[in-house]
Amino acid sequence: VRGSKTFFFKHVYKEIVKKMFRLLENPFLRSKIVTPNASWALRFFPLRLSHFGSSNKRTKNARKISNKQSKRDWSTNLNEENVSCPVNLEEKSKVVHRLSESIKDPRSIDPIPTYRVIDFKGNVISDELPQMDKSMLLKVFESMITIHTMDNIMIDVQRQGRVSFYMSSLGEEAIHFGSATAFELSDIVYPQYRESGVIFWRGFSIEQMMNQMTSNHLDYGKGRQMPMHYGSKAMNFVTVSSPLSTQIPQAVGSAYHLKLQSKPNCCIVYFGEGASSEGDFHPAMNFAATLGAPVLFFCRNNGWAISTPSSEQYRGDGIAGRAAGYGMHAIRVDGNDFFAVHNATKEARRLCVTHKIPVFIEAMTYRVGHHSTSDDYTTYRSKDEVDRFRSVNDPIKRLGGYLRNQGWMDDDTEEFIWKSKRKEVVDCLNRAEETLKPAISELFSDVYDELTPNLVEQKDELKKHMSLYPHEYLIENHVKE
Amino acid sequence: MKALLSRRYIPKKSPLSTLFFRSSTFSPTAVKAETPSADTQHLTGKREKLNLVSAINNALHIALESDQTVCAFGEDVTFGGVFRASLGLRNRFGPDRVFNTPLSEQGIVGFAIGLAAAGGKPIAEIQFADYIFPAFDQLVNEAAKFRYRSGNEFDCGGLVVRAPYGAVGHGGLYHSQSPEAYFCHTAGLKVVVPATPIEAKGLLLASIQERNPVVFLEPKWLYRSLSELVPLEPYEIPLGKARIYREGKDATVVGWGAQLHVLDRACSMAKERHGIECELINLRTLLPWDKQTVIESVKKTGRLIISHEAPKTCGFAAEISASIQEACFTYLEAPILRVCGYDTPFPLIFEKFYRPDELKNFEAIKNTVHFDFSTEL
């Protein structure tokens, strides 16, 4: 039961305070006092409902219970008034007369704290556990195991020469599924290359993955790119491209388009801490904040950019520390904690879509595997360091620990999942290897929407050449025209 | 005789000239030979005398009005642009669709690619083609390859990147470059260069509708100096088709953009002084270029001259020259000549020496027509 008087009064009070502060639009007055919004004022004049409302405990408890029944019983206490308002923050700058007061030492800034919901063993240490049903969590757990298994198998497969290249996401499974479960299928994803779990959650099967890895004719990309460069229009997952960070400003543009079309969607763009040093990152952040694009910047800070540790990559407070400089909200989260990543992404998405602003998430994790199969991490870091991280802070073990605490998982079931997924991956790979490669005419298509005269000429040239050497080019491996 | 004796060459004005030139710094009196604009002869609607930049402005207004997914942005676009190409757009179409971006070409083009990939039609402006290079990675590695690498799952076909290019009389190194060759070497892009106001409007509207990313280079020399009666209604000029600007039988001369008018003057000089009738071809689209038209012309004349302001080595003339000698070797009566800028950065005080002007082109036409195999051997 809301006390109608108290409910009404709070809002009237807010309006009165707002009107008072409108006086501060007078620049003369403003130079004397610094604050233009009512929420700030309420902090100085705290108004508790209990001062005016009933002190009836029953109503208070009723309120608490009804809150718990909602999906989320915690709030971020974020000031969401004018959150997307473009403000040149330097206009609020105080004038000082000592140089020492105007020098900002970056060491005086507290680093952004890291959000965590479950500990390394899977015990819940926060009261913000998201409401997710058992079947969903088991599906997530299975998917994490699938990706991990696939990574292990494909590394071996590459060493055997059956696939030319592979990049694993070992240790980053919680990021993939924590973020993927927080998004809608109609949101556009711009990946870097270490987000196989995200496209997998959206519906890309192991078989389709294997088709892309083996570059056969069933690959959506028509075999034109290296392995790990998957993409799908139906899953709103933009095809991976090798140059780093080029996808970041593109995600901002797509998000802006979604805003223009008034769609209740946003874009999410993934990148590593290394890619965030690239030139494309900086204008992307600036454009997103300045133009107001509903894009979620998701930085996977896994500590390594091939052999370059993060201590050689940047100096500031991680990558999230840069967000405030661009005028953007930032969240730092434990990237190996599925629930934390899920909560953070969900909340960030809500801010993006509601207010049409960009939000930055930095997920702290560790790259357990090699950068790619062309890399050998023992040349620049010790195996002990990797093993230690793997044993102490593994995303699959943490989620597994939580599930065991709930009684939803045990060792035998997990063992069975690992074995069956292994078999599934191997079967898909074998089938994909036997599938024919794309038709040779696909070499020339899709450069433009239609072949241009020079391409028609060159295609004929190749055809003539192939007719002279019908057996030297293994045409039988390709689909006939 | 009179023409030969007079120190300043003043060609006769044709009563049917359709183009109006303001006098430029380097030609005595700019004039146009009578070549009716066949592109828009069929249009009967209202026409207005517009210069090249106004024609572009007109095209932008039409594009933004007819399609809600079109938006125009770049540096300083909202007040009208440094060349006034985007005048009136902001007031008419609002701040969501016409806006200033922060100062980053790399960001502008990356942002535009993403906008196009999501289904929009962005018209991104780069303030000077000289500053397009920060966006080179996005254009070459991303825009050009978007469709190919995704197997046609995705494309950024709606993208148009507009940039003023070319000599302007006082631009120096960084306001005069012609970077077309870098982009013509990139499969997946289309490169379009108009030479007249009518072409500018028609080609820009066609580029916006084109389902492939287009780099639209506008000759800034002609922005204000060239006017024409431009139809006010929407119309398109097809990409990939060259136009025979002037018919002839003695030599084929190929050019595009502002250089076309320099070549036109050179051809007039050749006609008046030596009776040489050149066939002048305006390529209009450089990638993909209309090889067929040039081949047919060279088969007729047997001689080819290509001219552009960009430096000679690996300029686009090299591509045309190599392709034509492959296709028309036995028809050629003389080596293919390229009259281009020197292999130096574009200088300020030496601009009039650097540019391939009408005198250099006139000499080239004479040399190619009077080329004698016996003396070479």
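The values are calculated or read from the model by the stated rules, or taken from the named source; none is laboratory data. As the structure is a computational prediction, the values presented were derived from the model and not from experiment. Quick reminder, even Gly has a Cβ in these numbers, built from the backbone with ideal geometry, and neighbours come from all protein chains shown. Only protein heavy atoms, including side chains, enter the accessible area calculation; ligands, DNA and RNA are left aside. Shrake-Rupley method; radii C 1.70, N 1.55, O 1.52, S 1.80 Å.
Okay, here's what the table says:
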quantity: Global form of region B:197-302, assessed from the alpha-carbon gyration tensor, a/c cut-off 1.5; calculated: oblate
quantity: Dipole in debye (nearest 20) - the protein assembly as shown, about Cα centre, beta carbon charges: Lys, Arg +1; Asp, Glu -1; calculated: 3740 debye
quantity: Nearest-10 value in Å² for the accessible area of A:Asp334, using the 1.4 Å probe; calculated: 10 Å²
quantity: Where trypsin sites (Lys or Arg not before Pro) fall in DSSP loop in region A:246-328, at most 16 other Cβ within 10 Å; calculated: A:Arg315
quantity: Antiparallel bridge percentage (DSSP; both residues within chain A; nearest 5); calculated: 15 percent
quantity: Rounded, prolate or oblate (a/c below 1.5 giving rounded, otherwise prolate when a/b exceeds b/c) for region B:224-377 by Cα gyration tensor; calculated: rounded
quantity: Qualifying GluC sites (Glu not before Pro) for region A:120-187 [loop in DSSP, other Cβ within 10 Å: at most 12]; calculated: A:Glu184
quantity: Protein accessible area in chain A, 1.4 Å probe - carbon and sulfur %; calculated: 54 percent
quantity: Nearest-0.05 FRET efficiency for A:Phe165 and B:Lys300, computed from C-beta distance (R0 56 Å); calculated: 0.60
quantity: Computed FRET value (nearest 0.05) for A:Thr435 with A:His465, which takes r as the C-beta separation and R₀ as 30 Å; calculated: 0.70
quantity: Selection from A:Asn430, A:Met20, A:Leu443, by position along the positive dipole direction of the protein assembly as shown (Cβ); calculated: A:Met20
quantity: Shielding by partners, peptide A:215-225 (average Cβ within 10 angstrom, other chains); calculated: 3
quantity: Nearest-20 debye value, chain A charge dipole, Cβ charges on Lys, Arg, Asp, Glu; calculated: 3340 debye
quantity: Cysteines without a disulfide-compatible neighbour (Cβ-Cβ under 4.7 Å), chain B; calculated: B:Cys71, B:Cys156, B:Cys184, B:Cys314, B:Cys328, B:Cys340
quantity: Calculated SAXS-style log₁₀ I(q)/I(0) at q = 0.09, 0.12, 0.20, 0.22 Å⁻¹ - region B:97-210, Debye, Cα scatterers; calculated: -0.24, -0.42, -1.19, -1.40
quantity: Estimated [θ] at 222 nm from DSSP helical runs (n ≥ 4, -39500 (n - 2.57)) normalised by residues in chain A, nearest 500; calculated: -14000 deg cm²/dmol
quantity: Percent of Cα-Cα distances greater than 25 Å, calculated over region A:194-332; calculated: 34 percent
quantity: Area of A:Asp317 that stays accessible when all protein chains are in place (1.4 Å probe, Å², to 10); calculated: 50 Å²
quantity: Within region A:419-481: Cβ-based charge dipole about Cα centre, in debye rounded to nearest 20 (Lys, Arg +1; Asp, Glu -1); calculated: 560 debye
quantity: For chain A, the spread of Cα positions along each principal axis, largest first, Å; calculated: 90, 58, 45
quantity: Helix-only [θ]222 nm of chain B, DSSP H runs n ≥ 4, -39500 (n - 2.57) each, per residue, nearest 500; calculated: -9000 deg cm²/dmol
quantity: Rough spin-label spacing in nm, given labels placed 7 Å along Cα→Cβ, for A:Asp449 and A:Met136; calculated: 4.0 nm
quantity: The protein assembly as shown: antiparallel DSSP beta bridges as a percent of all, rounded to 5; calculated: 20 percent
quantity: Mean separation of Cα contacts under 8 Å, 6 or more apart, over the residue count of region A:314-413: relative contact order %; calculated: 25 percent
quantity: Rounded accessible area per residue of region A:319-443, 1.4 Å, Å²; calculated: 42 Å²
quantity: Positive dipole terminus of the protein assembly as shown, leading residue within A:Asn265, A:His148, A:Asn211 (C-beta point charges); calculated: A:Asn265
quantity: Computed Kirkwood radius, in angstrom, where 1/r is averaged over Cα pairs of region B:133-292; calculated: 16.8 Å
quantity: Cα gyration tensor, region A:336-444 - rounded (a/c under 1.5), prolate or oblate; calculated: rounded
quantity: Rounded to the nearest 10 Å², the accessible area of A:Val17 at probe 1.4 Å; calculated: 10 Å²
quantity: Top positive-direction residue, dipole computed over region A:275-421 with Cβ charges, set A:Gly369, A:Gly335, A:Ala284; calculated: A:Ala284
quantity: For region A:110-193, Kirkwood radius (reciprocal of mean inverse C-alpha pair distance, Å); calculated: 15.6 Å
quantity: The protein assembly as shown, Rg to Rh (Cα coordinates; Rh as Kirkwood inverse mean 1/r); calculated: 1.05
